[in-house]
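The values are calculated or read from the model by the stated rules, or taken from the named source; none is laboratory data. Computed from a predicted structure; not experimentally measured. So basically every Cβ, Gly included, is an ideal-geometry build from the backbone, and we count neighbours across all protein chains shown. When the accessible area is computed, the model is the full protein with side chains, heavy atoms only, and any ligands, DNA or RNA have been set aside. Shrake-Rupley method; radii C 1.70, N 1.55, O 1.52, S 1.80 Å.
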Amino acid sequence: MLDLPISLSAPLANLVAVPWISLVVLPLALLGTALLTVPLVGEGLLWLAGGALDLLFQGLALLAAHLSAWIPAEVPLGFWLVSLVGALIVLLPGGVPFRLLGWPMLLLAVFPPRELVPHGRVDVVQLDVGQGQAIILRTRYHTVLYDAGPRSRAADLGARVVLPSLKKLGIASLDLMLISHADADHAGGAAAVARGLPVRRVVGGETDGLPEFLGTQPCISGERWQWDGVSFELWQWPGAVDGNPKSCVLQVRGQWRTVAAHRRYRSCRRARVARLAAGAAHRLAASPSPWQPQFVVPAFCAAVGANVGADLAGARQCIRPSSRPGAGALPRSGQPGV
């Protein structure tokens, strides 16, 4: 409920770190400080204390890399209340009838039932990754990640935002990770996502700039497939050489029902377009450019025939204008959308 990861390595890390600090680092540091006036001795002891501390940090980093934190799936409030009642039942005095029934109720807080997307629909979740893009598309039994967020020297948002968000949504694996092109703001987080979750297939508009271990397949324009009543199709400009023009575009035909903006595992804001989407089908277009979304979103909506456009950077939406009466209105529920 606090949206915090649970460290699985903390008990083992403390088992090693506490005695190492108490018996090795601290005595060396104190003794070295006391003997600083003695030439070479005090400095040498402090150097040993620093080396021992660095060795500990390296070991802890290795442990954290092999035993990463557990991020449980998001638990609805109703399940938390049931789990709370279960905890109260478990804490009742021994001999109280039905006391053991509290344990299954407690498990709802750890393993909540996952709500399945209805057949023929696709849930669209656009993550707030700043200068970059990451979009999660879920059908009933399949999940697609379109772009994996940016990575820089300061931060890898694939590890900080995209991967935790996937786990928070209860997604255990990806059927497809589609990287539009190899720029760092779109492909930077792909390596972190692939290390954190099984990815069955990786497709990219550019394959040369991506890590080799991903096994990225080239984007084949015109490739089509269908998952759970939702149609997918790839497209790439045949005349493009590299960069943005060579981006692999994914067209989705189905009924989308939610658009959420996620930051740090939780929805940070639900734009007006999300409320419009609930229970209806529309033509949705996500802004392809974070630089000038105020110009790109309306133009992009008009170009692809979208009724609704979402731009996460400024929470802007557009309703496609049209000279035909009623054409700019939202389609009725049940009509196919993109």
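Note down all Cβ pairs under 6 Å where the first residue falls in the stretch 141-158 and is of a type in the set (K, R), the second is assigned to a strand (DSSP E or B), and they're at least six residues apart or on different chains. Short answer, once both residue conditions are applied: none.
Of the residues examined, T207 is not one that is β-branched (V, I, T) and at pLDDT 90 or above.
Of the residues making up the stretch 160-201, those that are part of a helix (DSSP H, G or I) and closer than 15 Å to L214 by Cβ are V162, L163, A184, H186, A187, A190, A191, A192, V193, A194, R195, G196.
Can you tell me which residue within the stretch 110-123, out of those that are of a type in the set (A, V, I, L, M) and open to solvent by 20 Å² or more (accessible area, probe 1.4 Å), is nearest to Y146 (Cα to Cα)?
Let us first name the residues in the stretch 110-123 that are of a type in the set (A, V, I, L, M), namely 110, 116-117, 122.
If we keep only those that are open to solvent by 20 Å² or more (accessible area, probe 1.4 Å) too, we end up with 110, 116.
Working: V110: 28, L116: 20 Å.
Taking the candidates together, the pick is L116.
I'm checking my understanding of the structure. Among residues of the stretch 1-14 that are part of a helix (DSSP H, G or I) and open to solvent by less than 60 Å² (accessible area, probe 1.4 Å), which one is modelled with the highest pLDDT? Quick ask: steps written out before the conclusion?
Step one: list which residues in the stretch 1-14 are part of a helix (DSSP H, G or I), which gives 10-14.
If we keep only those that are open to solvent by less than 60 Å² (accessible area, probe 1.4 Å) as well, we get 10, 13.
On the way: A10: 83, A13: 88.
Across the stretch 1-14, the extreme among qualifying residues is A13.
Restricting attention to the stretch 15-55, the residues being under 30 Å from P164 (Cβ atoms) and surrounded by 12 or more Cβ atoms within 10 Å (Cβ to Cβ) number 6. When the stretch 217-256 is filtered for residues that are touching a residue at least 40 places away in the same chain (Cβ under 8 Å), touching a strand residue (DSSP E or B) at 6+ places or on another chain (Cβ under 6 Å) and of a type in the set (G, A, S), only G254 remains. Applying the condition of being touching a residue at least 24 places away in the same chain (Cβ under 8 Å) and in a loop (DSSP other than H, G, I, E, B) to the stretch 79-109 and asking which residue is most open to solvent (accessible area, probe 1.4 Å) yields L108. Just wondering, is there one or more residues in the stretch 129-145 that are in a helix (DSSP H, G or I) and of a type in the set (K, R)? There is no residue in the stretch 129-145 that is in a helix (DSSP H, G or I) and of a type in the set (K, R).
In the stretch 7-29, which residues are in contact with a helix residue (DSSP H, G or I) (Cβ under 9 Å, 6 or more places away or on another chain) and more than 22 Å from H66 (Cα to Cα)?
Passing the criteria: I21, V24, V25, L26, P27, L28, A29.
Condition test on A109, is it within 20 Å of P164 (Cα to Cα) and of a type in the set (A, V, I, L, M)? Here the answer is yes, as A109 does meet what is asked. Restricting the stretch 232-256 to residues that are in a strand (DSSP E or B), open to solvent by 40 Å² or more (accessible area, probe 1.4 Å) and not acidic (D, E) leaves a set whose member that is nearest to R140 (Cα to Cα) is Q255. All of (1) touching a His at 6+ places or on another chain (Cβ under 6 Å); (2) open to solvent by 40 Å² or more (accessible area, probe 1.4 Å) hold for D175 with one exception: (2).
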